[in-house]
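The values are calculated or read from the model by the stated rules, or taken from the named source; none is laboratory data. Predicted model only: the values in this text are computed from it and were never measured. Cβ placement follows ideal geometry from the backbone for every residue including glycine, while neighbour counts extend to all protein chains displayed.
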Amino acid sequence: MERKLTYWGLGVSAVILLLTLGVTYQGQQMIGHAEDPSARTCPHLMPLGPHSQVEIVRMSFTDHVESLLYLHQIPDASREEYRFAVVTLKITKPAGQSLSLAAADLTLHYYHGAESEVAPCEGLSWFKRDPGSNVPILMNPVPGPGFIKQTTSPDGAARTIVYIDAVFGFMEPDTRECWICLGQPAVTAPFTCPTPAWGNGNQESRIPKPPPGLQAPPA
C-alpha cells in the first residue's frame, strides 16, 4: 500500500512537472511573440507634432569645445575659415514624456553667403532647464555624430520645456539662415535583417562589383 502511494505521488509530481513545463513553454512563446521584431517601433525617435516642437533659440561660435573626455579644437590652419557652432535647442513637449535624442538624427541645414550646406551634429550636451546654463557636452572623438545619445532625466521628463546644446563643426564666418532638422523614419514598417544578419556562413556580398575597367552608370 505504501509503495502504491509512493508511485501515485511520483505520478502526480510528474504530471505537475509536465504542466509546469508546458506553462513555462507557452509563457516563453508569449514573451517571444511580444518581442517580435516586426512589432517594434523606431528607437531614439524625437516625436514631432502639434504638442512637440524643436527650435533654435541661440547660437554661438568658438574655435574649441570642452567635452567630457578631452578638448576639441579647430586646427590652427583652419581657424581663419571655420568655427564650431554651439546651437541651443528649445524642446517643447507634453509633461511626463521622456526624450531620447541621437546626434546622428540632427543636422543643421544652412546658407553661408549664396552657398547652401548641411552639417552633421558632432556633440550633445545633457538636457537642461535653463538655455544659458553650462552643462557637460559629449563629443565624438572623430568628426561625425558617432553613437552619441542623450536621454532626459525624470525631472526633465516631467517638464514641458527642456533645452539641449548641439555642436556642429566647420561653420563658415558668413553663415546666415539656419534650420535644425531631425531624422524621421521614411516608412513605419522596419526592414528586418535575417538571423544572423552576418556571420555563421552568411558572407554573401550584397554589393555587386563591376568588371575591371567598367564603371557602372549612375542612377
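Take the conditions surrounded by 10 or more Cβ atoms within 10 Å (Cβ to Cβ), modelled with pLDDT under 95 and in a loop (DSSP other than H, G, I, E, B) and apply them to Ser205. Does it pass?
Taking the combined requirement at face value, the residue does not satisfy it.
In the set Thr92, Thr107, which member is surrounded by fewer than 17 Cβ atoms within 10 Å (Cβ to Cβ) and either out of contact with any Lys or Arg (no Cβ under 8 Å at 6 or more places or on another chain) or over 22 Å from Thr175 (Cα atoms) (or both)?
Going through Thr92, Thr107 in turn, the sole match is Thr92.
Within region 44-83, how many residues are closer than 22 Å to Val162 by Cβ and part of a strand (DSSP E or B)?
12
Looking at (1) at pLDDT 95 or above; (2) of a type in the set (D, E, K, R); (3) closer than 27 Å to Arg159 by Cβ, which one does Glu115 not meet, given that it meets all the others?
Going through the list (1) at pLDDT 95 or above; (2) of a type in the set (D, E, K, R); (3) closer than 27 Å to Arg159 by Cβ, Glu115 breaks only (3).
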